[in-house]
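J.: Have a look at this one.
The values are calculated or read from the model by the stated rules, or taken from the named source; none is laboratory data. Nothing here was measured: the structure is a model prediction, and the numbers come from that model. Here the Cβ is made from the backbone with ideal geometry for all residues, glycine too, and neighbour counts use every protein chain on show. Note: accessible area is taken over every heavy atom of the protein model, side chains too, but ligands, DNA and RNA are not part of it. Shrake-Rupley method; radii C 1.70, N 1.55, O 1.52, S 1.80 Å.
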Amino acid sequence: QVQFVESGGDLVQPGGSLRLSCAASGRISGLYAMGWYRQALGKQRELVAGITPIGTIRYTDSVKGRFAISRDNAKNTVYLQMNSLKPEDTAVYYCNGAPPDTRFWGRGTQVTVSS
């Protein structure tokens, strides 16, 4: 059984930064491609960033140049550094495998970008 626990969300002003963390229980280190997803109110959940076990990375176009995904396999943790945040980044952020396993969605962490 794998469990993901997201943390680091907060209320920030436009242009601010946040660093999200995803702690995984169970064996994910080095075995799985991982992703950060987000779901804004009234919208479908979308993949924001993904990272393979060997470090190949991809981003959705709207966050390119502002967000950075990374992973520490030894700590079973995946991070999302978010800079230059915009109001449209407001959402609940989740981590999961990429592609996601629907059994393992966590509670997510709320990111609100507002002045």
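J.: Please determine whether any residue of segment 20-37 is within 11 Å of the chain's Cα centre (by Cα) and assigned to a loop (DSSP other than H, G, I, E, B).
T.: Scanning segment 20-37 turns up no residue that is within 11 Å of the chain's Cα centre (by Cα) and assigned to a loop (DSSP other than H, G, I, E, B).
J.: Within the bounds of segment 10-20, is there any residue that is buried (at least 16 other Cβ atoms within 10 Å of the Cβ) and either free of Cβ contacts under 8 Å to residues at least 60 places away in the same chain or on the phi > 0 side of the Ramachandran plot (or both)?
T.: The answer is no; no qualifying residue exists.
J.: Go through TYR79, TYR93 for me and flag whichever is touching a residue at least 40 places away in the same chain (Cβ under 8 Å), open to solvent by less than 20 Å² (accessible area, probe 1.4 Å) and either assigned to a strand (DSSP E or B) or within 16 Å of GLY108 (Cβ to Cβ) (or both). Working first, answer last.
T.: Working: TYR79 fails: open to solvent by less than 20 Å² (accessible area, probe 1.4 Å).
Step by step, each of TYR79, TYR93 is checked, and only TYR93 is touching a residue at least 40 places away in the same chain (Cβ under 8 Å), open to solvent by less than 20 Å² (accessible area, probe 1.4 Å) and either assigned to a strand (DSSP E or B) or within 16 Å of GLY108 (Cβ to Cβ) (or both).
J.: If I filter segment 98-106 for residues that are of a type in the set (Phe, Trp, Tyr), open to solvent by 70 Å² or more (accessible area, probe 1.4 Å) and under 13 Å from the mean Cα position of the chain (by Cα), do I get at least one hit? Walk me through how you get there before you give the answer.
T.: Start the filter on segment 98-106 by keeping residues that are of a type in the set (Phe, Trp, Tyr), which leaves 104-105.
Those left that are additionally open to solvent by 70 Å² or more (accessible area, probe 1.4 Å): 105.
Next, only the ones that are under 13 Å from the mean Cα position of the chain (by Cα) stay: 105.
There is at least one residue in segment 98-106 that is of a type in the set (Phe, Trp, Tyr), open to solvent by 70 Å² or more (accessible area, probe 1.4 Å) and under 13 Å from the mean Cα position of the chain (by Cα).
J.: What number of residues within segment 44-64 satisfy the criterion of being touching a residue at least 12 places away in the same chain (Cβ under 8 Å), open to solvent by 60 Å² or more (accessible area, probe 1.4 Å) and either in a loop (DSSP other than H, G, I, E, B) or charged (D, E, K, R) (or both)?
T.: 2
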